[in-house]
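Pasting a structure here, questions to come.
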């Protein structure tokens, strides 16, 4: 199969077998920030943003990405100019092993794009599909709150 979609604001042509998941195609295309953790939609390490929504790419067929806008962790910041979420995750110590971090950040970004001033409960709901075995979530929630404030939201 062949489709076109936009990945990180760049028009892409993707070629794949009908049974392939978006996760596998993205990784083959070099988007290594999309992690393969559980292949069952339980861990959230494969989270990407599709048309503004956090989506687990292990549960989405690549064919479903036709004409969609996809954002991976590679598309939201650079080493020289990190996204506020990337910066606050580092500053607050919300990163330990880092395996869950791309999916966690993209879930938080999807939330903040829709709701720049979330409550703590809204943050918890936004990241509840992402597992972290290292941090215990407190620092992650702190990082999202701090990013929200820096991006113009007020802390509730």
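The values are calculated or read from the model by the stated rules, or taken from the named source; none is laboratory data. Just so we're clear, the structure is a prediction, and the values are computed from it rather than from any experiment. We place every Cβ from the backbone using ideal geometry, glycine too, and count neighbours over all the protein chains shown.
I'm trying to understand the selection: among the residues of the range 36-59, which are assigned to a loop (DSSP other than H, G, I, E, B) and over 10 Å from the mean Cα position of the chain (by Cα)?
36, 37, 38, 39, 40, 41, 42, 43, 51, 52
Which of the residues spanning the range 116-152 are under 22 Å from residue 82 (Cβ atoms), assigned to a loop (DSSP other than H, G, I, E, B) and out of contact with any helix residue (DSSP H, G or I) (no Cβ under 7 Å at 6 or more places or on another chain)?
Within the range 116-152, 134, 135, 137, 152 qualify.
Then there is this: What's the total number of residues in the range 87-99 that are closer than 25 Å to residue 42 by Cβ and either in contact (Cβ under 8 Å) with a residue 60 or more places away in the chain or in contact with a strand residue (DSSP E or B) (Cβ under 7 Å, 6 or more places away or on another chain) (or both)?
Residues in the range 87-99 being closer than 25 Å to residue 42 by Cβ and either in contact (Cβ under 8 Å) with a residue 60 or more places away in the chain or in contact with a strand residue (DSSP E or B) (Cβ under 7 Å, 6 or more places away or on another chain) (or both): 1 in total.
Anything in the range 43-86 that is in contact with a strand residue (DSSP E or B) (Cβ under 9 Å, 6 or more places away or on another chain) and loosely packed, with under 14 Cβ neighbours inside 10 Å? List them, or say none.
51, 52, 66, 67, listed by residue number.
Looking at the structure I just gave you, is residue 64 over 12 Å from the mean Cα position of the chain (by Cα), at pLDDT 95 or above and in a helix (DSSP H, G or I)? Don't jump to the end; show me each part of the working.
Values: over 12 Å from the mean Cα position of the chain (by Cα): yes; at pLDDT 95 or above: yes; in a helix (DSSP H, G or I): yes.
The answer is yes for residue 64.
Out of (1) within 16 Å of the chain's Cα centre (by Cα); (2) outside any loop (DSSP other than H, G, I, E, B); (3) without any contact (Cβ under 8 Å) to a residue 60 or more places away in the chain; (4) under 29 Å from residue 10 (Cβ atoms), the odd one out for residue 113 is which?
(3)
Scanning for something within 17 Å of residue 98 (Cβ to Cβ), within 15 Å of the chain's Cα centre (by Cα) and crowded, with 16+ Cβ neighbours inside 10 Å, does the range 8-31 turn up at least one residue?
Yes, the conditions are met somewhere in the range 8-31.
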